[in-house]
Every structure is written in structure tokens, then in C-alpha cells.
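Have a look at the structure below, then the notes.
What follows draws every value from the coordinates through simple rules; no lab data is involved. Keep in mind that what you see is a predicted model, and the values were worked out from it rather than measured. Because the Cβ atoms are built from the backbone with ideal geometry, glycine has one as well, and the counts that use them run over all protein chains shown.
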Amino acid sequence: MSSDDLAGAAKVPPATALFWFLKIIATTLGETAGDAVSLSMQLGYLRSTLLFAALFSAAVATQITASRFHPFRYWLTLMATTTLGTTLADFADRSLGMGYPGGSALLLLLLLGCLGVWHGTLGTVATDNVRSRREERWYWTTLMASQTLGTALGDWAADSAALGYGGAMRLFALGLGMVAVAYYATRWSRTLLFWMAFILTRPLGAVVGDFLDKSPAEGGLGLSRYTASLALLAIMDHHLGTP
């Protein structure tokens with residue numbers, strides 16, 4: 001048996017109400033922080049993507065090699081997926097000219113491919129007992145695909161579908177509400193519902209982030225991307241010590 005197959009303590013937090021709250025805050029932070037670097041700092045999507053890819057790789061390596069779960073380390077890694085997902089989706093949709101429909105379709109296929117190969121390799125895509133390094137590698141790879149898809153979906157709903165930020169927020173919040181109803185009122189697979197909720201929280205966070213930092217003329221509040229990011233970071237820091 002290789003060291004990658006050795007299982008220790010669970011390395012992923014349970015999907016409690018706090019988890020979903022922090023997930024939405026982290027995805028919103030990913031949008032504002034990603035835009036702060038690529039737009040406000042004028043690094044552009046490509047250079048920002050390369051920067052965040054390096055940070056993501058370092059965070060994932062630290063998370064996977066750790067012997068136990070630590071909230072700060074886990075959420076730092078997840079935030080790295082959201083910032084990278086933001087700039088990567090924007091680079092594909094805008095710089096490469098794929099557009100929101102094309103980018104979203106490609107990223108959806110990538111996500112389904114990750115889930116399919118993960119299930120084919122390990123027999124499950126459940127996240128409530130991720131312990132081995134192999135499970136974690138698939139977990140973070142799939143999360144990365146999910147975060148990038150969510151950014152493209154959020155931009156598609158708000159811009160291409162002309163829903164605006166308010167309409168897009170209501171759409172994705174409704175989707176999450178329907179998943180919650182299914183969780184409590186049906187016997188649908190908990191793993192399926194988890195991934196549905198996980199995917200939907202990303203575009204919700206993306207449009208909330210855009211709503212916070214876009215100008216009033218664009219339908220946003222016009223907050224500084226730096227101010228919004230620091231405020232969201234403070235909220236996460238406040239709740240990380242909560243059991």
C-alpha cells in the first residue's frame with residue numbers, strides 16, 4: 001500500500017450550516033479579490049491566473065500533506081480555488097473570446113469529467129469522509145473545476161441572460177433553496193445534493209461579489225474591491241474558530 005492510500009483523520013469539514021455560510025463568503029471573497037488583482041492592480045487575467053495558480057498549488061500541497069484537519073488551512077485552500085477560478089474563467093471567457101455560453105459548457109464538461117473519473121477510480125465522490133491523499137487530490141481538483149464553472153455561470157446569468165446582479169442572486173438563491181427542500185423532503189442521494197449545492201454557491205458568491213464592487217451605473221454598490229475583500233476576510237476570520 002502506498003503512502004497516498006493511507007487514511008488518517010478526516011481532512012474535510014462536515015457540511016453544516018456554518019460550512020455553507022463560509023462557502024458563500026469565501027466564494028464572494030474570491031470574486032472581489034480576484035477582480036482586485038486582475039483589474040484594480042491591472043495585472044490582467046493571464047498574469048493574475050498564473051499568480052493564483054501558484055498560490056493554489058502551494059495551498060493544496062500544504063493541505064494534502066498535513067496530518068490533520070485545520071480550519072484555517074482548509075479555508076485558505078478553498079479561497080485559493082475561488083480566486084483562481086475567478087481569473088481563470090474571466091481569462092477563458094473574455095481574453096480567449098470563448099464567451100459565457102462556450103466557457104460554461106466547456107467547464108461543465110470538465111467538472112462532470114472530474115466527478116466521473118473520481119467515481120470510477122475510488123468508487124465514490126462522497127466528501128463526508130475524505131481522508132487519504134488520493135481522495136484529497138480528487139476533491140481539490142473537482143472543487144477547482146466547480147469554482148471556475150461557477151464564475152462563468154454567474155457572469156452568464158447576470159450579463160448574457162440580462163438578469164442583472166439582483167436577478168442572478170435570486171435565481172441562484174432559489175436553486176439553493178430547492179436543493180435544501182430536496183434534502184429535507186426527499187430521499188435523493190446526499191452526495192448528489194451536496195455537489196448541486198456546492199456548484200450553486202459559487203455563482204451566487206460571484207454575483208454577490210460583483211454586486212458589491214461594480215459601479216452603481218452597472219447595477220452594483222460601487223464599493224472598493226479592497227474594502228469588500230477585507231470585510232469578507234474579517235467575517236471569515238471571525239467565524240473560523242466557531243465549532
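Distance between the C-alpha centers of region 29-49 and region 149-190? Whole Å please. One Cα centre to the other: 24 Å.
The helix-only estimate of mean residue ellipticity at 222 nm for the chain, built from DSSP H runs of length n ≥ 4 each weighted as -39500 (n - 2.57), is -24000 deg cm²/dmol after division by the residue total. Per the Cα gyration tensor, region 146-242 maps to an equivalent ellipsoid with semi-axes of 26, 19, 10 Å, ordered largest to smallest. Normalised by the number of residues in region 151-243, the average gap of Cα pairs under 8 Å and 6 or more apart makes the relative contact order 27 percent. Computed over region 11-239, relative contact order equals 29 percent, with contacts defined as Cα pairs under 8 Å that lie 6+ residues apart. Net length available on complete extension from Tyr183 to Phe19 is 57.5 nm, with 0.36 nm assigned per residue and the Cα-Cα distance removed. Against the compact-protein benchmark of 2.2 N^0.38 Å, the Cα-based radius of gyration of region 1-113 scales to 1.20.
Taking only Cα atoms, what is the 0 to 90° angle, nearest 10, from helix 17-35's long axis to the longest principal axis of the chain? The two axes meet at around 50 degrees. If I take every Cα pair under 8 Å that is 6 or more residues apart in region 1-143, average their sequence separation and divide by the length, what percent do I get for the relative contact order? Computed value for region 1-143: 38 percent relative contact order. Note on the chain: Cα convex hull, mean projected area over all directions, 13.0 nm².
Between beta-carbons, use under 12 Å as the cut-off and find the net charge around Arg225, counting Lys and Arg +1, Asp and Glu -1. Its environment carries a net charge of -3. The distance between label points at Ala9 and Ser57 comes to 3.0 nm (points 7 Å beyond Cα on the Cα→Cβ vector). Modelled this way, with points 7 Å down the Cα-to-C-beta line, the labels at Leu108 and Ser160 are 1.0 nm from one another.
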